[in-house]
Amino acid sequence: MSPFLDLPPLSAAQFAAIEDRVAALLHTTADVIVTQGEALLPLEAAIRGAAHAGSTALNIVTGPYGQTFGNWLRSCGADVVDLAVPFDSAVRAEQVAEALRARPETDFVSLVHAEAATGNTNPVAEIAAVVRAHGALLMLDAVASVAAEPLLTDEWGVDLCVIGGQKAMGGPAGVSAVSVSDRAWERIAANPAAPRRSYLSLLDWKERWTDAGRTVLPHAPAQLEMLALDACLERIEADTLTATIARHRAAAAATRAGVRALGTLTPFVHQDRHAAPVATTLRTPPGLHAAELAARLDPALPVQSGGGALATGMLRVNHYGSAASLQSVQSVLTALAETLPGTTPEQATSAAAEAWTAALTTA
Ligand SMILES: *Cc1c(COP(=O)(O)O)cnc(C)c1O
């Protein structure tokens with residue numbers, strides 16, 4: 001019989017224990033709410049909880065998700081300032097400071113930590129310090145950074161930190177979580193437009209679950225997703241978070257070094273320090289269509305073309321979970337060498353091995 005059928009319902013104690021494990025992963029003592037839906041659910045819930053007519057939001061756009069946040073903020077009636085930088089770079093803390101100085105009334109800042117779609121990562125520690133000094137609330141989309149790079153929610157002063165299970169965690173899609181600081185709770189509770197009696201309501205969860213002692217679940221838990229999330233957290237704890245992060249960092253470094261040795265393709269993100277450990281994006285030269293190139297590769301490889309307008313000129317190598325291994329990176333490089341005319345895999349795979357070792361020894 002299928003192990004997925006006739007499961008007993010997940011207990012409140014199990015659900016609470018999973019929240020505590022997520023809190024440890026995020027290095028936070030704040031409330032963590034595990035949400036049963038894709039990460040866009042807690043992201044929208046956080047924005048609709050905190051933003052309202054009369055608030056001024058600085059929305060930092062370093063990739064496609066920032067654009068979505070701006071639209072939600074505007075639909076809440078907030079006055080939105082978009083700070084956009086090219087998707088192949090990162091935003092600098094000085095740019096954020098300057099934008100806050102220009103609009104001192106800014107009370108909310110939204111930022112994506114790492115962008116899986118474009119392969120860049122932002123210096124959150126420095127940006128969060130600037131936001132904290134200004135006094136605004138900071139929402140961080142850490143879906144693509146959790147388990148791939150350090151994520152120090154409390155130390156950095158992140159008020160609303162959102163994660164999903166399916167990227168570097170190597171876990172299930174369709175479950176996500178958000179940590180909510182005391183400051184954020186105060187803001188949401190004081191917002192008359194914050195969703196109530198709604199699937200998007202963080203306040204409902206606080207009232208009916210967190211503050212009620214977490215003894216009775218307000219909804220039927222999605223036990224398959226929750227069991228998968230629990231197993232994924234257990235695996236990260238067994239491997240250690242430090243080792244998981246180091247593997248992702250090494251996989252990105254190895255991919256960048258291997259591709260440079262291969263020729264033809266170039267890293268999309270110019271500077272190594274702006275490259276996200278979760279996924280490496282590559283630029284194809286003019287005339288080489290990225291989606292057509294991706295279609296010629298073994299579909300089991302963690303490679304796809306960029307989304308939307310990026311499908312022509314961008315390839316994306318994912319290092320999600322178990323794909324953050326030297327073997328996976330070398331398989332991708334070998335497949336690319338076999339597909340691209342005039343390239344051979346040996347130099348690329350040995351450059352990758354060297355960069356992998358160097359990244360692990362400097363971790
Ligand atoms: C993947 C991703 C999301 C969306 O996650 P879903 O669970 O698919 O909603 C949001 N933000 C970033 C930065 C991502 O990489």
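The values are calculated or read from the model by the stated rules, or taken from the named source; none is laboratory data. On a predicted model such as this, the values are computed, not experimentally measured, just so you know. In this analysis, Cβ positions are derived from the backbone assuming ideal geometry, glycine residues included, and neighbour counts consider all displayed protein chains. Note: accessible area is taken over every heavy atom of the protein model, side chains too, but ligands, DNA and RNA are not part of it. Shrake-Rupley method; radii C 1.70, N 1.55, O 1.52, S 1.80 Å.
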Worksheet item: Just one of the numbered conditions (1) over 23 Å from ALA90 (Cβ atoms); (2) open to solvent by 10 Å² or more (accessible area, probe 1.4 Å) is not true of THR284; which one?
Response: (1)
Worksheet item: In the stretch 69-87, is there at least one residue being under 18 Å from the mean Cα position of the chain (by Cα), farther than 21 Å from GLN271 by Cβ and β-branched (Val, Ile, Thr)?
Response: no
Fill in: In the stretch 289-321, residue farthest from ARG249 (Cα to Cα) [restricted to those that are without any contact (Cβ under 8 Å) to a residue 40 or more places away in the chain, part of a loop (DSSP other than H, G, I, E, B) and not β-branched (Val, Ile, Thr)]
HIS289
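Got at least one residue in the stretch 178-190 being hydroxyl-bearing (Ser, Thr, Tyr), within 21 Å of GLU115 (Cβ to Cβ), at pLDDT 95 or above and within 12 Å of the ligand (Cβ to nearest atom)?
Our first condition is that a residue be hydroxyl-bearing (Ser, Thr, Tyr); within the stretch 178-190, this holds for 179, 181.
Subsequent filtering for residues that are within 21 Å of GLU115 (Cβ to Cβ) retains 179.
Narrowing the set further to residues that are at pLDDT 95 or above leaves 179.
After this cut, where a residue has to be within 12 Å of the ligand (Cβ to nearest atom) as well, the list is none.
Taking every residue of the stretch 178-190 in turn, none turns out to be hydroxyl-bearing (Ser, Thr, Tyr), within 21 Å of GLU115 (Cβ to Cβ), at pLDDT 95 or above and within 12 Å of the ligand (Cβ to nearest atom).
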Worksheet entry | Single residue of the stretch 55-114 satisfying the filter (closer than 16 Å to ALA45 by Cα and among the aliphatic types (A, V, I, L, M)) that is farthest from the ligand (Cβ to nearest atom) | ALA78
Worksheet entry | Given (1) free of Cβ contacts under 8 Å to residues at least 40 places away in the same chain; (2) among the charged types (D, E, K, R); (3) more than 20 Å from ALA39 (Cβ to Cβ), index of the condition GLU155 fails | (1)
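Residue by residue through the stretch 202-220, note down the ones that are more than 16 Å from MET139 (Cα to Cα) and not charged (D, E, K, R).
Kept after step one, since they are more than 16 Å from MET139 (Cα to Cα), are these residues of the stretch 202-220: 203-220.
Listed by number, the residues that qualify are LEU203, TRP205, TRP209, THR210, ALA212, GLY213, THR215, VAL216, LEU217, PRO218, HIS219, ALA220.
Return a yes/no flag: does the stretch 123-140 have any residue that is outside any loop (DSSP other than H, G, I, E, B), charged (D, E, K, R) and under 23 Å from ARG247 (Cβ atoms). Full working, then the answer.
Let us first name the residues in the stretch 123-140 that are outside any loop (DSSP other than H, G, I, E, B), namely 124-134, 137-140.
Those left that are additionally charged (D, E, K, R): 126, 132.
Those still in the list that are under 23 Å from ARG247 (Cβ atoms) too: none.
The answer is no; no qualifying residue exists.
Going through ALA351, ALA358 one at a time, which residue ends up being part of a helix (DSSP H, G or I), in contact with a Lys or Arg (Cβ under 8 Å, 6 or more places away or on another chain) and of a type in the set (Gly, Ala, Ser)?
On the way: ALA358 fails: in contact with a Lys or Arg (Cβ under 8 Å, 6 or more places away or on another chain).
Of ALA351, ALA358, the one residue that is part of a helix (DSSP H, G or I), in contact with a Lys or Arg (Cβ under 8 Å, 6 or more places away or on another chain) and of a type in the set (Gly, Ala, Ser) is ALA351.
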Discussion item. Which of the numbered conditions does LEU58 fail, given that it passes all the others? Conditions: (1) modelled with pLDDT of 95 or more; (2) over 22 Å from TYR199 (Cβ atoms); (3) open to solvent by 10 Å² or more (accessible area, probe 1.4 Å).
Written reply: (3)
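Any idea which residue in the stretch 61-118 is surrounded by the most Cβ atoms within 10 Å (Cβ to Cβ), counting only those that are assigned to a strand (DSSP E or B), without any contact (Cβ under 8 Å) to a residue 40 or more places away in the chain and not hydrophobic (A, V, I, L, M, F, W, C)? Quick ask: steps written out before the conclusion?
First, pick out the residues of the stretch 61-118 that are assigned to a strand (DSSP E or B): 61, 79-84, 108-112, 114.
Those left that are additionally without any contact (Cβ under 8 Å) to a residue 40 or more places away in the chain: 61, 79-84.
Checking the rest, the ones that are also not hydrophobic (A, V, I, L, M, F, W, C) come to 79, 82.
Values: ASP79: 15, ASP82: 17.
Only one residue tops the list, namely ASP82.
What do you reckon, is ALA12 more than 25 Å from ALA193 (Cα to Cα), open to solvent by less than 50 Å² (accessible area, probe 1.4 Å) and more than 16 Å from the ligand (Cβ to nearest atom)?
yes
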Worksheet item: Got a number for residues in the stretch 232-256 being open to solvent by 60 Å² or more (accessible area, probe 1.4 Å) and among the hydrophobic types (A, V, I, L, M, F, W, C)?
Response: 1
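Is one or more of the residues making up the stretch 135-147 on the phi > 0 side of the Ramachandran plot and free of Cβ contacts under 8 Å to residues at least 60 places away in the same chain? Break it down stepwise before answering.
Within the stretch 135-147, the subset on the phi > 0 side of the Ramachandran plot is 135, 147.
Right, trim to free of Cβ contacts under 8 Å to residues at least 60 places away in the same chain and you get 135.
Yes, that holds for at least one residue.
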Worksheet entry | Considering residues of the stretch 16-60 that are in a loop (DSSP other than H, G, I, E, B) and aliphatic (A, V, I, L, M) only, the residue farthest from VAL143 (Cα to Cα) | ALA53
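If the requirement is being open to solvent by less than 10 Å² (accessible area, probe 1.4 Å), within 23 Å of ALA173 (Cβ to Cβ) and of a type in the set (Val, Ile, Thr), which of these qualifies: VAL259, VAL303, VAL269, VAL317? Working first, answer last.
Numbers: VAL259 fails: within 23 Å of ALA173 (Cβ to Cβ); VAL303 fails: open to solvent by less than 10 Å² (accessible area, probe 1.4 Å); VAL269 fails: within 23 Å of ALA173 (Cβ to Cβ).
It is VAL317.
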